[in-house]
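The values are calculated or read from the model by the stated rules, or taken from the named source; none is laboratory data. Being a predicted model, the structure only gives us computed values, none of them experimental. Every residue, glycine among them, receives a Cβ derived from its backbone with ideal geometry; neighbour counts consider all protein chains shown.
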Amino acid sequence: MSQSVSIKNVVKLYGDFRAVDNVSLDIRKGEFFTLLGPSGCGKTTLLRMIAGFNTIEDGEISFDGKRINEIPANKRDIGMVFQNYAVFPHMTVGENVGYGLKARGIRKADRSPKVKQALEQVQILDLMDRMPNALSGGQQQRVALARAFVIEPSILLMDEPLSNLDAKLRVQMRDMIRKLQTALGITTIYVTHDQEEALAISDRIAVMKNGHVMQVGRPDEIYRKPENLFVANFIGNSNQFEGTIDEITAGNTGTLKLNAGITVGVPLRESYKGAVTVAIRPEYLKFDESGIPAVIRHSTFLGDFVLYELELADGQMIFVNEYGNMGALREVGTHVHLSFVPEYVSVYKETGEVISC
Amino acid sequence: MLRKLRHRYLNFWTIVTLCLIVFFVVALILPVAQLFLNSFKDAEGAFSLESYKTFFTKKYYYQALQHSLWIGVVSTLVSTGIGVFLAYIVTRYNVWGKNVLKVLFLVGLMSPPFIGAYSWIILLGRGGFITNLLKPIGIKMPPIYGKTGIILVFSLHLSCYVFRYVSAAFKGIDSSLEEASENLGASKFMRLFTVTLPVVIPTITSVMIIVFMRSLADFGTPLLIGEGYKTMPVMVYNAYLGDMGGNKAMAGTISAISVFLSIGLLLVQKAYIARKNYRMSNLRPPKVIELHGWKRFLVTLPVVIWVFIALLPQLTVIVTSFLKMNGPMFSDQFSFSNYQIAFKSCGKAILHTFTYSTIAIVFVILIGTFTSYVSVRRRKQGGTLVDTMAMLPMVIPGAVFGICYIMAFNKPPIVICGTAIVMVLALVVRRLPNTIRSSVGVLESLDPSLDEASISLGVPALKTFFVITARLMVPGIAAGAVLSWISSINEISSSLLLYAPKTVTMPVAIYTFVSQNDYGQAAAMGTIMTVAIVIALTVVSRMTRKSGGII
């Protein structure tokens, strides 16, 4: 039976270093939840605390409201998929997948159909009697996956399961994992440093940095409305502009004056005046008749869009992705103007917190 | 809180660590410490540096150090020179019978040097086969006794050692390094001396240190063939059992000096050599050059000649074991009589050798597996301490070790001298370091997430150790254990000090026969040992063939 996971004010200490610092998260039953962040942000540490391989120095983790801090790893009823597969090299594929069932005292006759079904689900039934050293990385990962979910765990944990695979296989496996997870309805906590993977696979994402959670939200929320500059920069690409908000008009609209040369009104969630940083994604900037003056310095044709590198009047370099222009590439050296839709940009205080709606 | 305490301090591995610490302290640290303390005592038991002073001022004593160093240096240089040369030829050219030659080198390596010593006496000693053969034609061979003999035996034996480790290094060079050198315009000669050799130099120097230490520690060879030429281990033996009633302080002093010498060498190796080991991505092993006709013959010849000389002692032993004895002389008649007499008089010795070695190896595997787990996975919880203690026997020559045990275990609380227990215990402790090093290697290559996968699938940590970790360590340990078993069968230095009439082993019996000029029975025993070694080596090479093998 799938369970919810509640993490309350959890702390992991390595000496004085707080690898996970007062993290709280609520993961819903059946949800595909991703911990995303650069290396060293504490995401794997947190996952291993849930799995029972790391001690919990402070706070509480509970499954369906039941505290599990003191329960040893082998009694938590968790399926785990490891970064380097951890397929037992001295057992056949079938024995690997049946291992957890055996540990649960299920008789051989009852194990066999379950193992077969699991292998069927990851499309490697024909490899059942092979030894792991004869398998490719992708196949080993499927074994690891089948082994983790065949025990029908209440929670499935995955620690960067795709990072050792090549790009094409990664996309294939990603889709398979997501479809399986949806079909089985197992609460899944997934760790990755790859933001594209996180966006593609998750119901919700927690972006982490230095042991803290920076933002929790659906992939679209995280991408479109980053709550702080760290998330804005970590997820996708953003151009950053410096500016000030001088006055607030009716409807809590701030008059934003960019140093790059234009003034627009942006909807704000709080009345704030002073210096701000504005993050605008490359695809939200449009070539226009008027707006921010810039000069094209470099262009890269990337198939579905063209990536332009432009120089602003003060020498700052910014990027613009232009989609859907079937005409010739814009000439390097051309003077252009750039505009944007005010609702699409994010405005941050000097402390890095968002103030735009 | 109590539960947390129990969880943290009283689990299975804490108990294992404690047991290991107790074991090593009792079976190793205390006996060795006692010997060292004795070296600083005078006859009345007061602190004194007298015996050190005596050692370094009396020629009778310090001469042994000079002898040991001289023999060590010469044998190391000769065996390294020849071993490296042969290793290069065998790894780089299509030498005829390559695999057979490699096995023969391993046989040479695994055969005890004292067998070599006594065979060379049979061949080149006074009244030896070759000596007698050459006498009528007026050729007089130089005397084989003394340093010539010791150096000959060591060089032959240790060259097999150098060959094995250096060929592994030559094979481990990525061929792209040499191709890069060639591509940049280097000649073959320049390539060898600027790329190939420098890259394996760390391995060569490490092997040289080990070889040097082995020649310092070997006891059987100088005892048999050295005659008046005494080396440090012989001196320890004499000082302890001594013609003049024995001098425990002096035995302790000489032992301490030998151990310090070995420790010094190991530290040099750690500080300057081990650091320089190059890690290579061995994507493509170096190519073997195909020679034809007389060129191929020319590269094969030196290898075959050297292997022949190195294994000549074994051949001699086997052939002479089937010759009828004529008093102390061999006749030219074929006979099984040596075996009949040997089985009758020494059936027990044969039985002892195999039972002691086998029991010892069981314990070596057991203790070795636990020690390596603790030293890799529980480093901070006492693992490093256990590991360091377990490695100590590497620097203690067998004779010294034997004396430590006699002194420690012939009085209460532990009285086991003269029993089979002390023989087995000495074997266990002396063979542990090699087993631990190889299983630590295996364990380090095992991903800890294998354990974690098993645990998270519902198998408790302890059971996981047995069904996953230990199970995966077995192949690596087993191959090493067979080699340890062979060297246990060969063990002479500690056994010679620790044996009692009811615990005689084959090497001890051989030594006794040789010293009584009873070469026939010695040959029969030597043949039995050689056969056991060859069988065991065949088993290992089968076992490890899949995983790249030890051969």
Only one of A:206, A:250, A:232 is in contact with a Leu (Cβ under 6 Å, 6 or more places away or on another chain) and either free of Cβ contacts under 8 Å to residues at least 24 places away in the same chain or aliphatic (A, V, I, L, M) (or both). Can you tell me which? A:206
Find the residue count for region B:368-386, including only residues that are surrounded by fewer than 21 Cβ atoms within 10 Å (Cβ to Cβ) and closer than 18 Å to residue B:426 by Cα. 0
Residue in region A:102-124 that is surrounded by the most Cβ atoms within 10 Å (Cβ to Cβ), counting only those that are assigned to a helix (DSSP H, G or I) and within 14 Å of chain B (Cβ to nearest Cβ): A:118
Assuming residue B:214 fulfils every condition listed in (1) more than 17 Å from the chain's Cα centre (by Cα); (2) among the charged types (D, E, K, R); (3) assigned to a helix (DSSP H, G or I) apart from one, which condition is it? (1)
Wholly enclosed helices (runs of 4 or more DSSP H) of region B:1-44 bearing at least 3 residues within 14 Å of chain A (Cβ to nearest Cβ) and modelled with pLDDT under 90: B:2-9
Subset of region A:269-292 [within 28 Å of the chain's Cα centre (by Cα) and modelled with pLDDT of 90 or more]: A:276, A:277, A:278, A:279, A:280, A:281, A:282, A:283, A:284, A:285, A:286
Going through A:300, A:277, A:263 one at a time, which residue ends up being closer than 24 Å to residue A:235 by Cα and without any contact (Cβ under 8 Å) to a residue 12 or more places away in the chain? A:300
Are any residues in region B:116-167 β-branched (Val, Ile, Thr), over 18 Å from residue B:515 (Cα atoms) and either in contact with a Lys or Arg (Cβ under 9 Å, 6 or more places away or on another chain) or at pLDDT below 85 (or both), and if so, which ones? B:130, B:131, B:137, B:139
Just to verify a result, which residue in region B:494-543, among those that are among the aromatic types (Phe, Trp, Tyr) and under 22 Å from residue B:430 (Cβ atoms), is surrounded by the most Cβ atoms within 10 Å (Cβ to Cβ)? B:499
Matching residues, region A:229-266, being among the aromatic types (Phe, Trp, Tyr) and within 13 Å of residue A:342 (Cβ to Cβ): A:241
In the set B:307, B:303, which member is under 30 Å from residue B:514 (Cβ atoms), modelled with pLDDT of 90 or more, within 24 Å of the chain's Cα centre (by Cα) and assigned to a helix (DSSP H, G or I)? B:307
So if I check each of B:321, B:335, B:345, B:357, which one is farther than 11 Å from residue B:524 by Cβ and not basic (Lys, Arg)? B:357
Quick check on my filter: what residues within region A:143-170 are more than 14 Å from every other protein chain (Cβ to nearest Cβ) and either assigned to a loop (DSSP other than H, G, I, E, B) or in contact (Cβ under 8 Å) with a residue 24 or more places away in the chain (or both)? A:162, A:165, A:166, A:169, A:170
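Can you tell me which residue among A:295, A:336 is surrounded by fewer than 15 Cβ atoms within 10 Å (Cβ to Cβ), at pLDDT 90 or above and more than 33 Å from the chain's Cα centre (by Cα)?
So the residue among A:295, A:336 that is surrounded by fewer than 15 Cβ atoms within 10 Å (Cβ to Cβ), at pLDDT 90 or above and more than 33 Å from the chain's Cα centre (by Cα) is A:295.
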Given the conditions (1) hydrophobic (A, V, I, L, M, F, W, C); (2) touching a Gly at 6+ places or on another chain (Cβ under 8 Å); (3) loosely packed, with under 13 Cβ neighbours inside 10 Å, every one holds for residue A:250 apart from (2)
Name the residues in region A:125-136 that are within 14 Å of another protein chain (Cβ to nearest Cβ) and of a type in the set (Gly, Ala, Ser), would you? A:134
Does region B:218-225 contain any residue that is surrounded by fewer than 24 Cβ atoms within 10 Å (Cβ to Cβ) and out of contact with any Leu (no Cβ under 8 Å at 6 or more places or on another chain)? no
Those residues of region B:132-167 that are surrounded by 16 or more Cβ atoms within 10 Å (Cβ to Cβ) and free of Cβ contacts under 8 Å to residues at least 12 places away in the same chain come to a total of 1
Filter region B:417-446 down to the residues that are buried (at least 16 other Cβ atoms within 10 Å of the Cβ) and either closer than 21 Å to residue B:252 by Cβ or of a type in the set (Asp, Glu) (or both) and list them by number. B:417, B:422, B:425, B:426, B:429, B:430
Search result, residues across region B:448-494 that are more than 24 Å from residue B:14 (Cβ to Cβ) and among the acidic types (Asp, Glu): B:491
In region A:129-173, the residues that are over 21 Å from residue A:39 (Cα atoms) and of a type in the set (Gly, Ala, Ser): A:134, A:136, A:137, A:138, A:144, A:146, A:148, A:154
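Suppose we keep only residues that are of a type in the set (Ser, Thr, Tyr) and touching a residue at least 12 places away in the same chain (Cβ under 8 Å) within region A:1-54. Which one would you say is farthest from residue A:223 (Cα to Cα)?
Among residues in region A:1-54 that are of a type in the set (Ser, Thr, Tyr) and touching a residue at least 12 places away in the same chain (Cβ under 8 Å), the one farthest from residue A:223 (Cα to Cα) is A:2.
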Please work out if residue A:268 is surrounded by 16 or more Cβ atoms within 10 Å (Cβ to Cβ), farther than 21 Å from residue A:222 by Cβ, touching a residue at least 40 places away in the same chain (Cβ under 8 Å) and touching a Gly at 6+ places or on another chain (Cβ under 9 Å). no
Go through region A:253-276 and report how many residues are β-branched (Val, Ile, Thr) and touching a helix residue (DSSP H, G or I) at 6+ places or on another chain (Cβ under 6 Å). 2
